[in-house]
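Encoded as structure tokens, the structure appears first; notes follow it.
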Amino acid sequence: MTWVDSQSLNPDKTDVPSSRTSESYLQPGKMKLVYFSNEMPSEDLKDLLRRLRLYSKDRRYPTLARFIQEATLAIQDEVKLLSANLRTLVPPLETIFSLADHSALRHGPLGGAVDGVLHCGLQLAALIG
């Protein structure tokens, strides 16, 4: 994950760092852009998701908890829109990150979509938390 501001996109400004993650770097009125790698993290996925779940239960991270809750509801709504034969493949989910526990689902007909959901959810949760 990398933060980029409009100054760092200017090739004439070589003294401006191209990425920072400090909150002090966020200034009102300036456009910020964050981009993520398109690869799953090299760390243990289940450990990362477990740590995010623990953080979401901490009162210091209410936004993270809300994101996980809203993302889970959105995925449940999307599952309802699937055809009946695909819908039966998706087990009931405690959270969006419960998808990681179902390897058959991740390697089945919905595998690409499930991995995409996990990847986006993980990246956004890491940014929030």
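Heavy-atom accessible area of K30 with all protein chains present, probe 1.4 Å, nearest 10 Å²?
For K30, solvent-accessible area is about 90 Å².
What does the charge count near L118 come to, summing +1 for each Lys or Arg and -1 for each Asp or Glu among other residues with Cβ under 15 Å from its Cβ?
My count for the surroundings of L118 gives -3.
State the extension gain, in nm to one decimal, for the chain segment bounded by L82 and E39, taking 0.36 nm per residue of separation less the distance between their alpha-carbons.
12.9 nm
What is segment 34-129's relative contact order, in percent, from Cα pairs under 8 angstrom and six or more apart in sequence?
Relative contact order of segment 34-129: 35 percent.
For a quick check of your reading of the filter: which GluC sites (Glu not before Pro) in segment 30-129 sit in a DSSP loop and have no more than 13 other Cβ atoms within 10 Å?
For GluC sites (Glu not before Pro) across segment 30-129 that sit outside H, G, I, E and B with at most 13 neighbouring Cβ atoms in 10 Å, the list reads E39, E43, E94.
The values are calculated or read from the model by the stated rules, or taken from the named source; none is laboratory data. For clarity, every value in this text was computed on a predicted model and none was experimentally measured. Cβ: placed from backbone, ideal geometry, glycine included. Neighbour counts: every protein chain shown. Just the protein is used for accessible areas: all its heavy atoms, side chains included, with ligands, DNA and RNA removed. Shrake-Rupley method; radii C 1.70, N 1.55, O 1.52, S 1.80 Å.
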